[in-house]
Amino acid sequence: MNRRHFLALPLLVAPLLAAAPAPKPLTPSEQQAVTRVAAYLNAIHTLKARFLQIDPNGNTANGTAWLQRPGEMRFQYDPPSPLLLQAARGWLIYVDKSLPQTSAFRVSDTPLGILLAPRITLTGDVTVTHVFQQPGEIDVTLVRTGNPTQGSLTLIFATDPLTLRQWSLVDAQGNETRVSLFNVELGGHFDPSLFAFKDPQLQKPLVPNGG
């Protein structure tokens, strides 16, 4: 896989290796913000938005994102980008049409799994390491409790009303990839074909059975 394109993935599907600081107990105000964020995320069943991605090298890409909980997602990059990122049936599929290669990762092994879970809980398997609040914004940084050195995901929300606007991931070298969402639409129904992935070379379902 072309490493430049791999690092440009909006969700950094490879395991992240950055060391995570030991979390401090949340203040009552921070816990209230986390509870509010969890309730908002669990209320999302479908989401459509335009996105702007900025990779660690400052390269940008635009496209359209669809998310359907639990477990389904599609990031369609605008031409001339050859990239497609899609989740279904427990697998995250990465396609670079400029390469004769398609890659698959278990959603549960990626930060994306936090957002696509049937029930989003920001305790237990997920630990909140930092909460930042200022007028009009709440940022919540998350790690996997069982493997905090795997890396972190920061969700950035606008307030009044609470709306997911951006997320940020940091890799082992401190490189950051940001994805900003625009024209966010919640609710509605999507055509199932959006998530029915087929390898463009093989013309058959790629996602393994039982995923």
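The values are calculated or read from the model by the stated rules, or taken from the named source; none is laboratory data. The model shown is predicted, which means the values in this text are computed figures rather than measured ones. Counting neighbours? That spans all protein chains shown, and the Cβs are built from the backbone with ideal geometry, glycine included.
So which of Leu122, Leu142 is part of a strand (DSSP E or B) and either charged (D, E, K, R) or touching a strand residue (DSSP E or B) at 6+ places or on another chain (Cβ under 9 Å) (or both)?
Values: Leu122 fails: part of a strand (DSSP E or B).
Only one candidate passes the filter, namely Leu142.
Restricting to region 93-118, count the residues that are within 14 Å of Glu72 (Cβ to Cβ) and not in a loop (DSSP other than H, G, I, E, B).
Here the count works out to 6.
Here are the criteria: (1) surrounded by 12 or more Cβ atoms within 10 Å (Cβ to Cβ); (2) modelled with pLDDT under 85; (3) of a type in the set (A, V, I, L, M). Tell me which single one Leu202 does not satisfy.
(1)
Would you mind stating whether Leu155 is within 19 Å of Ala49 (Cα to Cα) and surrounded by 18 or more Cβ atoms within 10 Å (Cβ to Cβ)? Don't jump to the end; show me each part of the working.
Values: within 19 Å of Ala49 (Cα to Cα): yes; surrounded by 18 or more Cβ atoms within 10 Å (Cβ to Cβ): yes.
When the stated conditions are applied, Leu155 passes them.
Taking Leu194 and the conditions (1) exposed (fewer than 14 other Cβ atoms within 10 Å of the Cβ); (2) modelled with pLDDT under 90, which numbered condition does it fall short on, given that it satisfies the others?
In the conditions (1) exposed (fewer than 14 other Cβ atoms within 10 Å of the Cβ); (2) modelled with pLDDT under 90, Leu194 misses (1) alone.
Any idea which residue in region 69-92 is nearest to the chain's Cα centre (by Cα), counting only those that are among the basic types (Lys, Arg) and assigned to a loop (DSSP other than H, G, I, E, B)?
The initial filter retains those residues of region 69-92 that are among the basic types (Lys, Arg), namely 69, 74, 89.
So of that shortlist, the ones also assigned to a loop (DSSP other than H, G, I, E, B) come out as 69, 89.
Working: Arg69: 12, Arg89: 16 Å.
It comes out as Arg69.
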